[in-house]
Amino acid sequence: MHDQAPEVDASAKGKPGDASPEATVITSRPPIGDPALVGRVTPRVMGESLVGTMLGHFRLEKFVGGGGMGAVFRAVDTMLDRTVAVKVLSRSQSVDHENVKRFKNEAQSAARLDNENIARVYYVSEDEGWNFIVFEFIEGQNVRDMVAERGPLPLDEAISYVVQVCDALEHASARDVVHRDIKPSNILVTPQGRAQLVDRGLARLHHVQS
């Protein structure tokens, strides 16, 4: 998984002496129903606020990325002493029942899959209002960032990644799972050259109605 250095949202910094109630105060656990936070906290600010937090028996150690649904962390499974990836649904998404249902469907669909080119799901739970999914941690870089840094990939390398992703999709199809969000940023490549398909936020089972 490609690490990204967290950045503090400029809107989260108050001016010296500013006692305005509009100033955003970042705490380790924002109240789940606080309307001042819903829709205002970016994935990066959310990520910074949760670093060091325990969700169940998982300790969030580093914010590594985020999107519309929430934030992803490198974490430690304190029971099994292993590094994992934890995807946490944002507060603003958690207030919508359909978003929570979609988030849990991601875990349900991922649990059906067992392929070396698909990040495996280990656990799904909720702790103090935070819904989260625990995945296999993939050490690598996504294809979008690889191309941005290196330019067009050599043909044989690109073909290798395409073939591996096709193998992953064939496996998913055989288990009645549709990914629905195939793009370079959702394909991680390990230092050994293994392509891993991640982020099934739009995935669904064939028999589940959207």
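The values are calculated or read from the model by the stated rules, or taken from the named source; none is laboratory data. It should be emphasised that the depicted structure is a prediction, and the values quoted were computed from it without experimental measurement. Here the Cβ is made from the backbone with ideal geometry for all residues, glycine too, and neighbour counts use every protein chain on show.
Data overview
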item	result
Some residue of the stretch 1-10 being among the aliphatic types (A, V, I, L, M), within 24 Å of V124 (Cβ to Cβ), at pLDDT below 70 and in contact with a strand residue (DSSP E or B) (Cβ under 7 Å, 6 or more places away or on another chain)	yes
Flag for D181 being loosely packed, with under 13 Cβ neighbours inside 10 Å and charged (D, E, K, R)	no
